[in-house]
Amino acid sequence: MIRSLLLLCMLLSIVAADPLKKRISKKYAEPTPVGFWPLNEDYKLKDVSGGHADGVATGAVLDLTQRGQFCSAYKFDGNNESYIEFPNSEDGTLDTKYSMTMMAYVYPTGKIGPIFHYGSDTYGMLLWHSDFVAGVHSQTLYMPVRNGNSDNSSLISSPVNGNTWNLLAATYDYDSGTESLYVNGVLVTSKVIGSMELKTQFEVRMGAVTHDDRFFEGYITCMQLYDRALTADQIVMAGFDKHCPKCGPPPPPPSPTGPPNVIGDPHMKTFDGRPYSFQGTCWYTLVKDCIDSQFEITAEFVPREDTGDEIKTRALNINVRVREENVHVDRDNTVTVSGEGKHINVENDGHMVTLSFTLKDSTFKMEWVGRKHSFHINFTGSRYLGKLCGLLGNADGDTRNDFQKPDGTVVHDANEFGESWKVLDKTCD
Ligand SMILES: [Ca+2]
């Protein structure tokens, strides 16, 4: 007991002192958007930033066809009757005036046009066909001066690919006077134009504006506006925001004889195949249904006794809960069932315990070899693809978003991710 507590304290102090963790949590705790329109099936035109600038669509419609990583987006027809308006006049929440970031996932299919456009004589962010290379898209940023009569400066990036998703971002930093363009989180061009106030006091249009005959044709989702210039890392992280869930291609069907999710130190592997090492102590959520918590699989990790000063842990107990029913298995493969006993099927051949259960169209199976402290979890069916959470990730086919914390933020650091899935109401020996 004392030894466990000592090791736990050591582990916590190591985590707290980790400079990477500190850097990441500081960087990603902020900033918050001043306007955020997911433009998807879940939120439609709602401004989820709390700024109350809900969009109003004319001609632009919600499209539920899956394209690449997104299952829904708004479709723009490339004419003057297909656009979305975002109100800015009443309380001016979209009037950043100084620094700003505009970003969105954009899937161009044809004509170019405005993505986020303030007023009638100024440009925020445009997609543009290059005049020089037919068919190549680029991203254009015009930086209009608040008190000026003409555009102060424009930036053009190339290329933005057609018929696929591009995460486009344009930033302006008042302090340094720098404007920048990013494609998929990579800085593609920037220019110092000096510090100036921006002409952001007008209403915003997406897709089409009144004074111009260039109209956007394609799909847009996850539009975000900030009153500061985000960094490349912040843009990538904002692109993983929980309000913009990716549905992605379904992962390959899991193989019951595939590699364990955990073995040894423990070296973990998510459903999508991302390997990592995590030295937790106590109970953690391995996988759960993140929609309505119908089931949850948890494991207790304890320090190994044979590793000296180096902290290594291994799984000691597993618990499977389906609705009100719990099945607990320990290192001796002793199975304890509590609750109704009708959801979870138990097979025990002495060497391996297999627990399985079926919910909706999906069957989950967990194989546990207590003596080896190893387990393997897989499932069949599509209902839960992208809707799981915990140490094994969300199973959406994309390894990049697997380190998602309970609050929906995606982090890089395995320790920060792992610790976020600690089961708070369970105590350990
Ligand atoms: Ca994933």
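The values are calculated or read from the model by the stated rules, or taken from the named source; none is laboratory data. Since we're looking at a predicted model, the values are computed, not measured. Here the Cβ is made from the backbone with ideal geometry for all residues, glycine too, and neighbour counts use every protein chain on show. Note: accessible area is taken over every heavy atom of the protein model, side chains too, but ligands, DNA and RNA are not part of it. Shrake-Rupley method; radii C 1.70, N 1.55, O 1.52, S 1.80 Å.
Go through (1) within 16 Å of the ligand (Cβ to nearest atom); (2) among the acidic types (Asp, Glu); (3) at pLDDT below 80 for residue 265 and report which single condition fails.
In the conditions (1) within 16 Å of the ligand (Cβ to nearest atom); (2) among the acidic types (Asp, Glu); (3) at pLDDT below 80, residue 265 misses (1) alone.
Considering 329, 337, which residue is more than 16 Å from the ligand (Cβ to nearest atom), over 25 Å from the mean Cα position of the chain (by Cα) and crowded, with 21+ Cβ neighbours inside 10 Å?
Of the residues listed, the single one that is more than 16 Å from the ligand (Cβ to nearest atom), over 25 Å from the mean Cα position of the chain (by Cα) and crowded, with 21+ Cβ neighbours inside 10 Å is 329.
Of all residues in segment 42-99, which are out of contact with any strand residue (DSSP E or B) (no Cβ under 8 Å at 6 or more places or on another chain) and either at positive phi or open to solvent by less than 10 Å² (accessible area, probe 1.4 Å) (or both)?
Passing the criteria: 50, 52, 92.
Scan 350, 408, 370 and give me the residue that is more than 16 Å from the ligand (Cβ to nearest atom) and surrounded by fewer than 19 Cβ atoms within 10 Å (Cβ to Cβ).
Unique residue meeting the criteria: 350.
From the list 271, 301, pick out the single residue that is in a loop (DSSP other than H, G, I, E, B), at pLDDT 85 or above and surrounded by 15 or more Cβ atoms within 10 Å (Cβ to Cβ).
271
Exactly one condition in (1) open to solvent by less than 10 Å² (accessible area, probe 1.4 Å); (2) modelled with pLDDT of 90 or more; (3) part of a strand (DSSP E or B) is not met by residue 219; state its number.
Unmet for residue 219, out of (1) open to solvent by less than 10 Å² (accessible area, probe 1.4 Å); (2) modelled with pLDDT of 90 or more; (3) part of a strand (DSSP E or B): (1).
Among the listed residues 389, 428, which satisfies the condition of being away from the ligand (no atom under 16 Å from the Cβ) and either open to solvent by less than 20 Å² (accessible area, probe 1.4 Å) or among the hydrophobic types (A, V, I, L, M, F, W, C) (or both)?
428
Would you point out the residue of segment 274-290, among those that are open to solvent by less than 30 Å² (accessible area, probe 1.4 Å), away from the ligand (no atom under 16 Å from the Cβ) and in a strand (DSSP E or B), that is nearest to residue 428 (Cα to Cα)?
Checked segment 274-290; the qualifying residue nearest to residue 428 (Cα to Cα) is 282.
Answer yes or no: is there a residue in segment 233-249 that is acidic (Asp, Glu), at pLDDT 80 or above and part of a helix (DSSP H, G or I).
Looking for residues that are acidic (Asp, Glu), at pLDDT 80 or above and part of a helix (DSSP H, G or I), one finds at least one in segment 233-249, hence yes.
Return the residue satisfying two criteria in turn: it lies in segment 134-172 and is among the β-branched types (Val, Ile, Thr), within 29 Å of the chain's Cα centre (by Cα) and more than 14 Å from residue 182 (Cβ to Cβ), and of such residues it is modelled with the highest pLDDT.
So the residue we want is 164.
Restricting attention to segment 190-200, does a residue exist that is over 19 Å from residue 223 (Cβ atoms), modelled with pLDDT of 85 or more and acidic (Asp, Glu)?
Checked against the condition, which is being over 19 Å from residue 223 (Cβ atoms), modelled with pLDDT of 85 or more and acidic (Asp, Glu), segment 190-200 yields at least one hit.
Among the numbered criteria (1) more than 16 Å from the ligand (Cβ to nearest atom); (2) out of contact with any strand residue (DSSP E or B) (no Cβ under 8 Å at 6 or more places or on another chain); (3) modelled with pLDDT under 85, which one does residue 293 miss?
The single condition residue 293 does not satisfy is (3).
Suppose we keep only residues that are outside any loop (DSSP other than H, G, I, E, B) and closer than 14 Å to residue 237 by Cβ within segment 392-405. Which one would you say is nearest to the ligand (Cβ to nearest atom)?
Across segment 392-405, the extreme among qualifying residues is 401.
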